[in-house]
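Novice: I am attaching a structure below and will ask some questions about it afterwards.
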Amino acid sequence: MRIPESRGAASAALFEVFRSVPGTPEAARARAELESAVDEAIEASSAIVRDEDLQLTLFCMYELAYGGIDGVADLEWDPGLIAVRSGIEAAFEAELRTTVPVPPRPEPNGADLAAALFELTAPTPGPSLSRFVAKQATDEQLHEFLVQRSVYTLKEADPHSWAIPRLRGRAKAALVEIQADEYGGGRPQRIHAEIFARTLRGAGLSDEYGHYVDHVPAITLASLNQMSMFGLHRRLRGAVVGHLAAFEMTSALPNRMFGNGFRRLGYDEDVTWYFDEHVEADAVHEQIAARDLAGGLVDSNPELLDDILFGAAASLVVDGWMAEHILSCWTAGRSSLRVPLVVAA
Amino acid sequence: MEGDGAHRGTDAQVVACPDGPFLVRGDVEIVTPDGEPIPRRRSTVALCRCGMSTIKPFCDGTHRLTGFRTD
């Protein structure tokens, strides 16, 4: 991924750190600027989840632990950057813990937790992004939809994989069973991120990781940053498990509608395979995620119940905000992107 | 069948999910009444139990829309 465009003082300072030679006075100045800019941005922000500058800064710091950023030195474990990242994470997590409504607490056992998660993720009637895509979205909006999804989906499943060595027994076997399927069961061409890359190419879009980062708004980055934050902290292993469970449990039915939307506008199986694959896959994954992953974890570690519920609720709420943003822009006749998309004809 | 070596030597397992599908793990062949194999694209599959799936014999999650109950 290339270094994106900055969105404020914090991301500008981070990219200055990325571009400067470590150990030089320029690098030291950029680091000092980054610390103060992040502190000021956190202080001034009324909603970190929608703060363009802070979400982009956090996203780029996390990217150092995934595929890396072109031309940037090995800064993944740089103590100064980790300290800055921790400051944003603490503010982001605190905000989520106060704004996300957590559902009623079931008894701390697998069966009751699974029932509570099925209740929490029950399909709801009324307007939704998936219904809009199925019935009404224009070709331009379908392209936007793919761009909005591309930042996470080109590394689909990766944030939750951080949790594997933090689990044991039933929960670990369940997570690995789900992730092995996400990663194609040993067949690279069936890796879900690769199937999505095929969808992007089929729609005439770039399949290069991070190609559209400049286009997507803070709330889209926040959806991914939340997963990375839950995944990268052992303390939050309950939350990452809850997040994956809720994600899988709200996927099969919407993906059928997403596929129908692309079929409606004449796209072929190269484009719709990704969505159709998720109808079948996630009908399997939701059972494993609710009963064996989340249920298995609470059976072995009942003290994690609250974090599992928090992670599940946070997944639904933040992704709900992202979907609301896209839908409200579209129904008002606007683009949902920060920077409009120019698609080659 | 693709990937069929993964479970060799282990027992096949069918999980009856409350209010949901049958999850099938292990070395089980799914066939039509004529014995024609139905391609199995993943090592664990969910078989429709509510009768409403659009991708039968596999589950597509529709049981959650119809309030399907197993007891």
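Novice: Just need a number here: residues in segment A:299-328 that are more than 19 Å from the chain's Cα centre (by Cα) and under 21 Å from A:Gln226 (Cβ atoms). Talk me through it step by step, then tell me what you get.
Specialist: Of the residues in segment A:299-328, the ones more than 19 Å from the chain's Cα centre (by Cα) are A:299-306, A:328.
If we keep only those that are under 21 Å from A:Gln226 (Cβ atoms) too, we end up with A:304-306, A:328.
Qualifying residue count for the region: 4.
Novice: Tally time: how many residues in segment A:300-322 are crowded, with 19+ Cβ neighbours inside 10 Å and within 17 Å of A:Glu52 (Cα to Cα)?
Specialist: 3
Novice: Scan A:Ala163, A:Ala171, A:Ala116, A:Ala134 and give me the residue that is closer than 15 Å to A:Ala313 by Cα, in the same structural domain as A:Asp214 (by TED's automatic domain parsing) and either buried (at least 17 other Cβ atoms within 10 Å of the Cβ) or in contact with a Lys or Arg (Cβ under 7 Å, 6 or more places away or on another chain) (or both).
Specialist: Criteria check complete, one pass: A:Ala116.
Novice: Scan segment B:55-66 for residues that are more than 7 Å from chain A (Cβ to nearest Cβ) and over 15 Å from B:Val24 (Cα atoms) and jot them down.
Specialist: Of everything in segment B:55-66, those that are more than 7 Å from chain A (Cβ to nearest Cβ) and over 15 Å from B:Val24 (Cα atoms) turn out to be B:Thr62, B:His63, B:Thr66.
Novice: Return yes when A:Phe230 is surrounded by 22 or more Cβ atoms within 10 Å (Cβ to Cβ), more than 20 Å from A:Ser150 (Cβ to Cβ), touching a residue at least 40 places away in the same chain (Cβ under 8 Å) and aromatic (Phe, Trp, Tyr) and no when it is not. Reasoning before the result, please.
Specialist: Working: surrounded by 22 or more Cβ atoms within 10 Å (Cβ to Cβ): yes; more than 20 Å from A:Ser150 (Cβ to Cβ): yes; touching a residue at least 40 places away in the same chain (Cβ under 8 Å): yes; aromatic (Phe, Trp, Tyr): yes.
Judged against the criteria, A:Phe230 is a match.
Novice: Follow-up question, since we're still on this one. Mind listing whichever residues of segment B:6-49 are more than 12 Å from the chain's Cα centre (by Cα) and within 12 Å of another protein chain (Cβ to nearest Cβ)?
Specialist: Matches in segment B:6-49: B:Ala6, B:His7, B:Pro18, B:Asp19.
Novice: Can A:Glu182 be described as within 14 Å of chain B (Cβ to nearest Cβ) and farther than 30 Å from A:Arg131 by Cβ?
Specialist: On the way: within 14 Å of chain B (Cβ to nearest Cβ): yes; farther than 30 Å from A:Arg131 by Cβ: no.
So A:Glu182 fails the test.
Novice: Among the listed residues A:Asp292, A:Asp307, which satisfies the condition of being closer than 24 Å to B:Ser43 by Cβ, part of a helix (DSSP H, G or I), in the same structural domain as A:Glu144 (by TED's automatic domain parsing) and in contact with a helix residue (DSSP H, G or I) (Cβ under 7 Å, 6 or more places away or on another chain)? Can you show your working first?
Specialist: Numbers: A:Asp307 fails: closer than 24 Å to B:Ser43 by Cβ.
After ruling out the rest, the residue left standing is A:Asp292.
Novice: Within the set of pairs 6+ apart or on separate chains, which have a first residue in segment A:105-133 that is within 14 Å of chain B (Cβ to nearest Cβ), a second that is aromatic (Phe, Trp, Tyr) and part of a helix (DSSP H, G or I), and C-beta atoms under 8 Å apart?
Specialist: Filtered contacts from segment A:105-133: A:Ser130/A:Phe258.
Novice: Restricting the search to segment A:222-246, which residues are within 15 Å of A:Gln55 (Cβ to Cβ) and of a type outside the set (Ser, Thr, Tyr)? First the steps, then the outcome.
Specialist: First, the residues of segment A:222-246 that are within 15 Å of A:Gln55 (Cβ to Cβ): A:222-229.
Once the filter is applied, which keeps residues that are within 15 Å of A:Gln55 (Cβ to Cβ) and of a type outside the set (Ser, Thr, Tyr), segment A:222-246 yields A:Ala222, A:Leu224, A:Asn225, A:Gln226, A:Met227, A:Met229.
Novice: Residue check: is A:Val176 in a helix (DSSP H, G or I), away from chain B (no Cβ under 14 Å) and either in contact (Cβ under 8 Å) with a residue 24 or more places away in the chain or over 15 Å from the mean Cα position of the chain (by Cα) (or both)? Working first, answer last.
Specialist: Values: in a helix (DSSP H, G or I): yes; away from chain B (no Cβ under 14 Å): no; either in contact (Cβ under 8 Å) with a residue 24 or more places away in the chain or over 15 Å from the mean Cα position of the chain (by Cα) (or both): yes.
Considered against the rule, which asks whether it is in a helix (DSSP H, G or I), away from chain B (no Cβ under 14 Å) and either in contact (Cβ under 8 Å) with a residue 24 or more places away in the chain or over 15 Å from the mean Cα position of the chain (by Cα) (or both), A:Val176 comes out as no.
Novice: Would segment A:275-284 turn up any residue that is in the same structural domain as A:His192 (by TED's automatic domain parsing), more than 17 Å from the chain's Cα centre (by Cα), of a type in the set (Gly, Ala, Ser) and crowded, with 17+ Cβ neighbours inside 10 Å?
Specialist: Yes, segment A:275-284 contains at least one residue that is in the same structural domain as A:His192 (by TED's automatic domain parsing), more than 17 Å from the chain's Cα centre (by Cα), of a type in the set (Gly, Ala, Ser) and crowded, with 17+ Cβ neighbours inside 10 Å.
Novice: Please identify the pairs in which a residue from segment B:38-67 that is closer than 22 Å to A:Gln189 by Cα and touching a residue at least 12 places away in the same chain (Cβ under 8 Å) has its Cβ atom under 7 Å from the Cβ atom of a residue that is hydroxyl-bearing (Ser, Thr, Tyr) and surrounded by fewer than 21 Cβ atoms within 10 Å (Cβ to Cβ), counting only partners at least 6 apart or on another chain.
Specialist: Hits for this filter: B:Ile38/B:Thr32.
Novice: Hey, among the residues in segment B:51-63 that are in contact with an Asp or Glu (Cβ under 9 Å, 6 or more places away or on another chain) and assigned to a loop (DSSP other than H, G, I, E, B), which one's surrounded by the fewest Cβ atoms within 10 Å (Cβ to Cβ)? Give the derivation first.
Specialist: Restricting attention to segment B:51-63, the residues satisfying the condition of being in contact with an Asp or Glu (Cβ under 9 Å, 6 or more places away or on another chain) are B:52-55, B:58-61, B:63.
Applying the additional criterion that residues be assigned to a loop (DSSP other than H, G, I, E, B) yields B:52-55, B:59-61.
Numbers: B:Met52: 15, B:Ser53: 21, B:Thr54: 11, B:Ile55: 16, B:Cys59: 30, B:Asp60: 23, B:Gly61: 30.
Residue satisfying both the conditions and the ranking: B:Thr54.
Novice: Name, by its number, the condition in (1) in contact with a Leu (Cβ under 9 Å, 6 or more places away or on another chain); (2) under 29 Å from A:Leu297 (Cα atoms) that does not hold for A:Pro127.
Specialist: So the condition that A:Pro127 fails would be (2).
Novice: Then there's this: Hey, does segment A:265-284 have a residue that's without any contact (Cβ under 8 Å) to a residue 24 or more places away in the chain and in contact with a Ser or Thr (Cβ under 7 Å, 6 or more places away or on another chain)?
Specialist: Checked against the condition, which is being without any contact (Cβ under 8 Å) to a residue 24 or more places away in the chain and in contact with a Ser or Thr (Cβ under 7 Å, 6 or more places away or on another chain), segment A:265-284 yields no hits at all.
Novice: Turning to a different aspect of this structure: From the list A:Ala239, A:Ala252, which residue is among the aliphatic types (A, V, I, L, M), touching a Gly at 6+ places or on another chain (Cβ under 6 Å) and free of Cβ contacts under 8 Å to residues at least 60 places away in the same chain? Let's see the steps before the verdict.
Specialist: Values: A:Ala239 fails: free of Cβ contacts under 8 Å to residues at least 60 places away in the same chain.
After ruling out the rest, the residue left standing is A:Ala252.
Novice: If you scan segment A:55-82, which residues turn out to be touching a helix residue (DSSP H, G or I) at 6+ places or on another chain (Cβ under 8 Å) and in contact (Cβ under 8 Å) with a residue 60 or more places away in the chain?
Specialist: Within segment A:55-82, A:Gln55, A:Leu56, A:Leu58, A:Phe59, A:Tyr62, A:Ala65, A:Tyr66, A:Ile69, A:Gly71, A:Val72, A:Leu81 meet the criteria.
Novice: I've got another one for you. In this structure, is A:Ala294 under 28 Å from A:Ala90 (Cβ atoms), surrounded by 22 or more Cβ atoms within 10 Å (Cβ to Cβ), at pLDDT 95 or above and within 21 Å of the chain's Cα centre (by Cα)? So that I can check it myself, show each step before the final result.
Specialist: On the way: under 28 Å from A:Ala90 (Cβ atoms): yes; surrounded by 22 or more Cβ atoms within 10 Å (Cβ to Cβ): yes; at pLDDT 95 or above: yes; within 21 Å of the chain's Cα centre (by Cα): yes.
For A:Ala294, the condition - under 28 Å from A:Ala90 (Cβ atoms), surrounded by 22 or more Cβ atoms within 10 Å (Cβ to Cβ), at pLDDT 95 or above and within 21 Å of the chain's Cα centre (by Cα) - is met.
The values are calculated or read from the model by the stated rules, or taken from the named source; none is laboratory data. Source: prediction; values computed, not measured. Neighbour counts run over all protein chains shown; Cβ positions are idealised from the backbone, glycine included.
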